[in-house]
1. Taking the conditions exactly as written (farther than 30 Å from A:ARG46 by Cβ, touching a Phe, Trp or Tyr at 6+ places or on another chain (Cβ under 6 Å) and part of a helix (DSSP H, G or I)), does B:VAL245 satisfy them or not?
2. When the residues of the stretch B:254-277 are narrowed to those that are among the aliphatic types (A, V, I, L, M) and surrounded by fewer than 24 Cβ atoms within 10 Å (Cβ to Cβ), which ends up nearest to the other protein chains (Cβ to nearest Cβ)?
3. Any chance the stretch B:198-210 includes a residue that's assigned to a loop (DSSP other than H, G, I, E, B), among the hydrophobic types (A, V, I, L, M, F, W, C), assigned by TED's automatic domain parsing to the domain that holds B:LEU254 and surrounded by fewer than 22 Cβ atoms within 10 Å (Cβ to Cβ)?
4. Considering every residue within the stretch A:19-28, establish whether at least one is over 17 Å from B:TRP201 (Cβ atoms), assigned to a loop (DSSP other than H, G, I, E, B) and of a type in the set (A, V, I, L, M, F, W, C).
5. Checking the condition out of contact with any His (no Cβ under 6 Å at 6 or more places or on another chain), of a type outside the set (Lys, Arg), within 14 Å of chain A (Cβ to nearest Cβ) and assigned to a helix (DSSP H, G or I), which residue from C:TRP33, C:TRP70 passes?
6. Those residues that are farther than 19 Å from B:GLN413 by Cβ, β-branched (Val, Ile, Thr) and buried (at least 24 other Cβ atoms within 10 Å of the Cβ), I need them from the stretch A:94-134; list them, please.
7. What single numbered condition from (1) without any contact (Cβ under 8 Å) to a residue 24 or more places away in the chain; (2) part of a helix (DSSP H, G or I); (3) touching an Asp or Glu at 6+ places or on another chain (Cβ under 9 Å) fails to hold for B:SER423?
8. Pick out the one residue from A:LYS102, A:LYS97, A:LYS123 that is in contact (Cβ under 8 Å) with a residue 12 or more places away in the chain and over 22 Å from A:SER51 (Cβ atoms).
Amino acid sequence: MNATPLWASETFWKKTAIWVTAVSFLLLIVLTFDSMAKVSAGSTTRVPAYSVINKKIDYRFNASLNRYTPVVEGDAPLFGKILSDEEAEKLVTLGKKTFQAKNCINCHTVLGNGAYYAPDLTKSWLDPNWVDETNREILMLAFLQDPPGNARSYGTGRRMPDLGITEDEARGLIAFLKWTAAIDTNGFPHNFKTLYAQENP
Amino acid sequence: MSVGVLDSRNLNGGQKLAVKYFTVAMVLFVAQILFGLLAAVQFIAPGFLFETLDFSVNRMLHINAMVVWMLYGFIGAVYWFLEEESGVEVVGLKLGEIAFWVLTAAVGIVVLVYLFLQIGAGDDTTRWLINEGREYIEAPRWADIGIVAVMLVFFYNVAGTFSKGRWSGVSGVLTLDLVALVGLYLAGMFYTTNVTVDYYWWWWVVHLWVEATWEVLVGCIMAWSLMKLLGVRRKIVQTWLYIEVALMFGSGILGLGHHYFWIGTPEYWLSIGGFFSALEPIPLVAMVVHSIYDAGVHKFKSTNHPALGWVIAHTFGNFFGAGVWGFMHTLPQINLYTHGTQWTASHGHLSFFGAYATINIAFFYLAVQQWRGNVWMGANLADNGWKWKWSMGLLNLGVVGMTVALLIAGYEQSFIERAVEGSTWSGYFAAQTHPWFTEAMFWRLIMGIVTAAGLALLIWDLATIGAGETRPALVIERHEEPGVKAAVVQTA
Amino acid sequence: MIEPVQLEDFFLNVFSAAVIVVSGAGYAGFYAWGKIARRPGFVISAYASYASLAAAVWVLAETSHFEGFWRVAAGLMLIGYFAAPLAIFRLCTAMHAGEHSEHDRPIANQQQEEEQS
């Protein structure tokens, strides 16, 4: 009778399956702890503190990393007012909750995840579309509160619908997007030139 | 036992519950295609249903309907074989029945809220009652809790029934996999302002469901189907199931890394994600050997031609969708351009269809065969089986067509928007108005309509196949433990 | 650190990735078929498929600017795609070894075997 060798037996593979799963999962847990420590807001330069909305955010090419990295320098308070850490977090939180409540992600993407019907919002705060920094906040506020009236379709005919965003929610969203723009995304989206870079290339 | 008519006396308790799940699954499949078509139209005519049923709503319903019909199909399939596999009746059938109605009512309410309320104010109430606003898991928190409760009932039925009856390799893997499935869903049930942390855990739910636990769940369903459909020996099927678990979890769990390239997580994920992505297709490719070996060495006879046809469609769909389409854009050096473009949508369409929809459809055919009194579904079907053949052809053509169209759109987007224009908003729109893109969207809609036609035919076929058939199903020689054999004989 | 694909290498990069997976399957398929059918022609096709795979890996590595760690990954791909189908084939034959004689054996024998395992 032909006996099945050990390495082709059911028990061998059962044990292998258990070990492979356990080891992989354990590694994932370890990596998760490490990642969480590095991405909590303000713990490293990867994900900034919420108070970054008080600062000017730009990107510069980092030769040693071979990609653009965020540069936070100088005061540039959002809506002209320096916020405390708590106030900043509160405003960004309102923005994030509004972002979820208005279902933004099913047209837009952020960090590249979402639907693909409208532009990525990861660095929308720095997009040259807002022309220059003087009018940016006013334009964004007006746009969010009446998107069809301020439509930016670039010839596609696609408009953002009126989502009933209040002025407070709009301010929150802008704070959320400004904070998001300062996250170090390992160079995504590629080749992005900020509004400042377009001003002085 | 009645032959040739749909009669619930042909089914055991678990199977009666299963066909309820299958019926809702088909309804949701229709919803998936319907909302997909509406969203596809909006790419071509953006004014269509503007501020009534916006793209965001259609797209959300398109994908949610898909996720939920897959789950209904899986749950149904497990209930289907639970009694045969365990050798005893389902322990909490009444409870399972209640859970089914609760889940279905919850799904109905969520859909109505999505359609008519759609969005809310930027506060916690919206997240709890209307929409969580996180892609794929938009269901409001109350529904999340309901889903977990229903899944726990399902888990109780599975674990309890096997404990009372008999455990096997398939049931052991299945039960552990369900623990992981429920546990992972919890990882998506909290709010955080930090968008990086948010996406980190969101991917636990999405990736570890779709690319790990779902795959293993389908592996279990496949393992059982192969024994049923082709009479493959249990010992061999189970050994392969363990091999699959080792390969899928071995590559899939850390393969999670390929979603952590650009969300703000540390750079070492580029290496981890890249490494596992580079090696991920190897098991899939190596398994080709196994398929050919089996096909060549055994001369299989199948009791159910449509089901076997869909299993074969699964093999190809999974290979191209997950393997080829996945690997094409997975390394960070190229993913930097393709991430967040229609490329992902292309990959998503083919891989979900190939990996999951096909298997569910195959199982629906197995179910309907038994439901009609285990009738003949081999060769020489009435009308030459044109309906199942055409529906399979149209569905596959439709999905492959959409996949190719979206690939062209995604390629153009990566090129124009990312590489040339530098990812600004004007770059985004320049890519959206490029002829390659607009024509691709046109063809995607056409192929969506082809898919819808295939679905209509599929429903017609499932409702009529085997009706009035008097020949009994082909009997396949089995090599199994006496207990299971008895169970099979009993139900047959 | 990664060096993204250059614009002009876009198509080559994506296409070579697809070729790797498809030829990998071709290699595995021809190999298995050739072994089962005992047709040496298939084995030659298998090695031809593998050659195209290896070429595609090289193109992918070049256009993706693989260096250091990434070259190791490419090397492992070459080894993995080569060895995995052989391993699976051995696994198939070993696992199914007793199967053909089994049809002739009495049921009781089979049950004993099931119990033992």
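The values are calculated or read from the model by the stated rules, or taken from the named source; none is laboratory data. Owing to the predicted nature of the structure, the values given are computational and were not obtained by experimental measurement. Because the Cβ atoms are built from the backbone with ideal geometry, glycine has one as well, and the counts that use them run over all protein chains shown.
1. Numbers: farther than 30 Å from A:ARG46 by Cβ: yes; touching a Phe, Trp or Tyr at 6+ places or on another chain (Cβ under 6 Å): no; part of a helix (DSSP H, G or I): yes.
No.
2. Only one residue fits best here, namely B:LEU254.
3. Just the residues of the stretch B:198-210 that are assigned to a loop (DSSP other than H, G, I, E, B), to begin with: none.
Within the stretch B:198-210 (the criterion being assigned to a loop (DSSP other than H, G, I, E, B), among the hydrophobic types (A, V, I, L, M, F, W, C), assigned by TED's automatic domain parsing to the domain that holds B:LEU254 and surrounded by fewer than 22 Cβ atoms within 10 Å (Cβ to Cβ)), the answer is no, since none of the residues qualifies.
4. No, that holds for no residue.
5. Details: C:TRP33 fails: within 14 Å of chain A (Cβ to nearest Cβ).
Of C:TRP33, C:TRP70, the one residue that is out of contact with any His (no Cβ under 6 Å at 6 or more places or on another chain), of a type outside the set (Lys, Arg), within 14 Å of chain A (Cβ to nearest Cβ) and assigned to a helix (DSSP H, G or I) is C:TRP70.
6. A:THR98
7. (2)
8. Working: A:LYS97 fails: over 22 Å from A:SER51 (Cβ atoms); A:LYS123 fails: over 22 Å from A:SER51 (Cβ atoms).
Only one candidate qualifies: A:LYS102.
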